[in-house]
Each structure stands twice: as C-alpha cells, then as structure tokens.
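The values are calculated or read from the model by the stated rules, or taken from the named source; none is laboratory data. Everything numeric in this text was worked out from a predicted model, so none of it was measured. All Cβ positions, even for glycine, are placed from backbone atoms using ideal geometry, and neighbour counts span all protein chains on display. Please note that ligands, DNA and RNA were not included when accessible areas were found on the heavy atoms of the full protein model with its side chains. Shrake-Rupley method; radii C 1.70, N 1.55, O 1.52, S 1.80 Å.
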Amino acid sequence: MHRHASGVLWVLLYVVIVLSPLVLMLIRPVPPGRPFIIEASIALGFVGLVMMAVQFALIARYPRMSAPFGIDVLLRYHRNIAGVALLFVILHPILLIIQNPALLAWLDPIGGTWASRTGAWAIYAFILLTLISVFRKQLRFSYEAWRFSHTFLGIAAVLFAHIHIHLAGRYTDVFWREGIIIAISLVMVGSFGFIRLVRPALVRRRPFEVAEVRPERGDVWSFSLKPQGHDGLSFMPGQYCYLKLNTPYSFDEHPFSIASSSERRDRLEFAIKELGDFTNRIGQVPPGTITYVDGPHGSFSPDLTPAPGYVFIAGGIGIGPFMSLLRSLADRGDPRPVMLFYGEKNWEITAFREELDELRKRMNLEIVYVLENPPEGWEGETGFVTEEVLRRHLPEERFHRHVFICGPNPMIDAVERALARVGFEEHQVSAERFNLV
Ligand SMILES: Cc1cc2nc3c(=O)[nH]c(=O)nc-3n(C[C@H](O)[C@H](O)[C@H](O)COP(=O)(O)OP(=O)(O)OC[C@H]3O[C@@H](n4cnc5c(N)ncnc54)[C@H](O)[C@@H]3O)c2cc1C
C-alpha cells in the first residue's frame, strides 16, 4: 500500500512539473494579446522541453523515485514518452510557421538571430538523439557510442533550448519566471551529477572483490563476488545490478541479474553469457579484482508479487534471474509450487541443469525443458515454448499462479502472446528484458 501511495505521489509530482510552464503563461503579467496559435505553440514547446529535462531524472536511479516502480519500468517510460516530448517540441516551430510562413527561415541553423539559431539547434539535437536511439542497430552504433551520443545530445538540446527561451524573452521577463526555467535546468544538471558523481561515490563505499569465476555450460560464467569490509548486498531475488570493474566512475557499466540466493549475503553471483567485448572478457577477470556494484534495481521479483504458486519461463541466459529465484525459494524452505519452462538450443549448452536437478529435491519444482535441437532419443518437449507446450504442462490451477518470463525479446513477445491465448491476463505476467535499448 505504501508502495502504491508513493507511486501515485511521484506520478502527481511528474504531472505538476511537466505542466508547470503553463503556469508561467497564465499568471500575470501576461504579454499582450497574440493569436491563440502562437500561445499554443509556445505552450507545446515549454511542456516538451520540461519533459525532455525530466527524462534525465527518470534514469538517474534515485532510490526513492525508483522504489515504487522499479528502474526497469522507469527506463521503459523514459523510452516510450520520448516520442511524445519530441512531438511537442517539433509542433512548436510548425505552429509558428503555419501562422507566419516567413518564420521557416528560423529553422536555418546558421542564419537568423541567436534566439532562433539556438532554438533550431535544440530541435535538431532532439531529433538526432531520437533517430540514433530508434535506429541504433541499423546504424551499427555500439552500445557505448550510443550512450555517449545520447547523453551529449540530450544535455546540448536542453541547454540550447534554455538559451533560446531566455533570448526569446517572451515569458522570462519577470525574475520568478526565469527562476522556474532555471530550476528545470537544475533538475537535468542535478540528475546528471547524481548518476555520474554521487551514485558512484556511494557505490565506492561498499566494494566487492572477485572471489571466483566458474565456467558453466553454454559460454556462461558464474561471476562470484564477496563483500570487502561490509556485510554484503540486501536484495530481492530477480533484481539486477550494474557492475563496474576497478573504478566506480567508469562509463563502462553493465547490468546483470543477480543469480545467487537472497538468503546468502557473503556471496553475490551473476550468470554472465559471452556476447560482446565486456562479457567475452569476463572469464579472464582474475580473482581479487575490485568490482563495484550499483544496485539492487528492478521489480522482477515474486517478493513484490505474492501468489500461491509461480510459473517461470526462461530462454537461454534468461535462466540467470531464475537461478536466484529458485535458490532463494529453496533456501527459504518455501513450499509453494513452481513450474519452470526452460528453452535452450540444445542439451549440451543448457546451463545449470545439474544444479536444477538438485533444486528439484529441495523444493516443490517441476521443470519442462524445451530444446530446439534435441539429442537422439530425447523424449521431452522440442522447438519453442508455444501455446501447445504451455497447455500440455500447466496445472489445472494455472490461473492462481503468477508468470515470470526472461529471455530474448522475440521469445518474450511470442510467449506473452501464447499466455494470452491460454487465458492469462496481462497483470498475471511479468517480463524482464535484457535488451532495454
Ligand atoms: C536488466 C538487465 C539484466 C541483464 N541480466 C543479464 C544476465 O543476468 N546475464 C547476462 O549474460 N546478460 C544480462 N543482461 C545483458 C547484458 O547487460 C549484456 O549482455 C551486456 O551488457 C553486453 O555487453 P558486451 O559489451 O559484452 O556486449 P556488446 O556487444 O557491447 O552489447 C551487446 C548488447 O547488450 C546490450 N548492452 C551492452 N552494454 C550494455 C550496458 N552497459 N547496459 C545495458 N545494455 C547493454 C546492448 O543491447 C547491446 O546491443 C542484462 C541486461 C539487462 C538490461
């Protein structure tokens, strides 16, 4: 209840902040009468700009703000609402041009006045930032290059927009109005400072060191950390952390779901699959390497979704968070039934299958393996986790259970559709996507 109440308060605060510029326009002294279309254009520009500035706060990992939603939900909102903010920003000059076509010249990035030029730069930076995010894969931008350009263009766009508003001077003639605009800028600068300086400084106080890096099946490594000079991390099974090696201030940070039991604070483990430059090197990280752990984050946890039983559906390395869920439930002696569907390419690379057999003895766990390329003589399920596979195995009391899915995006999409056809409602299903961008 407390979580819901604080979620509602944050949503209200968001709405108030986003709409605050309209107060600027309504409270006297109001500039003398102009056509409605111009005022509407300015209102849209203001609201779009504030939404863009607040985007920085949404992803700053403020603990109080992310607690009621989970940072994964905030990241998804950040991504989805960006299109609306961009639309508002673009409508700002379009309405002005409809009113007076001569103003088309204001879109010239090197012509016009400083006021129009900085406005044009802000809009182009917003557009470029969005295009790079939407077409990152097609443009072959590495994650790191995307992240750098995203941050740089975001800051540039908001700053240019503020200079534009100040120079246009239409609603900043009174000091308190300018104050509101500056406060909005500070939300952006403060959030950037929080995530780049304050959070790393906090994380630095609680370092970990690599205890062991164990090879598992299928190019997966169990990356095991032990706390250095503190009592470890308290987390809910299913949550994830950002890992940074050697320095907490590095830009090179990667999110991984915790795979170890929440009941063991002396060890923190992650199941990491080799995929690119960082993960390919994880097997060679020497024991003793100092590692900084920013987390826990996320809301993909049965601790937040109580139910009489669970269905877990894993695809490939999506098994990572489920290892934490299963290890934790077993350590807690939790009697609730769990059914795990585990899809993999073949039996040889099915990570953790020996340990899953052991877990079956310690808890009420049923496992359905689904192999794309089964070995000779395989009598289990083959292909993918489809509606038919689900119907064949889900128990009668299936709708009392909450479903968790983690795996590649296409698999999550297909399983969500299959679950809907089986009869599950959206609120009975939670998914963790490893491809946030
Ligand atoms: C919430 C969450 C939990 C995850 N849990 C696990 C897990 O338990 N085990 C596991 O093996 N993988 C997990 N991943 C994926 C893991 O973060 C990426 O595989 C890893 O960062 C790839 O980095 P790379 O340099 O090796 O590969 P690259 O080739 O650089 O990247 C491959 C893809 O991974 C993503 N990626 C790369 N760097 C980052 C980053 N810093 N932040 C976010 N995404 C990035 C991008 O989509 C990129 O296209 C998780 C991802 C998220 C978002």
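Here are a few things to note about the model shown:
- Only listed residue being surrounded by fewer than 17 Cβ atoms within 10 Å (Cβ to Cβ) and either in the same structural domain as residue 249 (by TED's automatic domain parsing) or small (Gly, Ala, Ser) (or both), chosen from 157, 145, 120: 145
- Residue within region 378-385 that is under 20 Å from residue 426 (Cβ atoms), open to solvent by less than 30 Å² (accessible area, probe 1.4 Å) and of a type in the set (A, V, I, L, M) present: yes
- Of residues in region 239-276 being without any contact (Cβ under 8 Å) to a residue 60 or more places away in the chain and of a type in the set (Asp, Glu), the one nearest to residue 196 (Cα to Cα): 253
- For region 250-293, residues that are part of a strand (DSSP E or B), more than 11 Å from the ligand (Cβ to nearest atom) and open to solvent by less than 20 Å² (accessible area, probe 1.4 Å) total 3.
- Selected residue (only one of 161, 156, 183, 145 is in a helix (DSSP H, G or I) and within 16 Å of the ligand (Cβ to nearest atom)): 145
- Any hit, region 404-424, residues being modelled with pLDDT under 95, within 16 Å of the ligand (Cβ to nearest atom) and under 20 Å from residue 306 (Cβ atoms): no
- Residue match in region 31-52 (condition: assigned to a loop (DSSP other than H, G, I, E, B) and in contact with a Lys or Arg (Cβ under 7 Å, 6 or more places away or on another chain)): yes
- Qualifying residue in region 241-249 (condition: within 22 Å of the chain's Cα centre (by Cα), farther than 30 Å from residue 330 by Cα and of a type in the set (A, V, I, L, M, F, W, C)): yes
- The one condition in (1) more than 10 Å from the ligand (Cβ to nearest atom); (2) at pLDDT 95 or above that residue 246 fails to fulfil: (2)
- Scanning region 199-233 for residues that are open to solvent by 50 Å² or more (accessible area, probe 1.4 Å), free of Cβ contacts under 8 Å to residues at least 60 places away in the same chain and on the phi < 0 side of the Ramachandran plot yields 202, 205, 214, 226, 231.
- Test result for residue 223, within 16 Å of the ligand (Cβ to nearest atom) and of a type outside the set (A, V, I, L, M): yes
- Hits in region 69-85 - residues which are of a type in the set (A, V, I, L, M, F, W, C), in a helix (DSSP H, G or I) and crowded, with 19+ Cβ neighbours inside 10 Å: 71, 74, 75, 82, 85
- Failed criterion for residue 298 (all others in (1) open to solvent by less than 60 Å² (accessible area, probe 1.4 Å); (2) under 20 Å from residue 395 (Cβ atoms); (3) not β-branched (Val, Ile, Thr) hold): (2)
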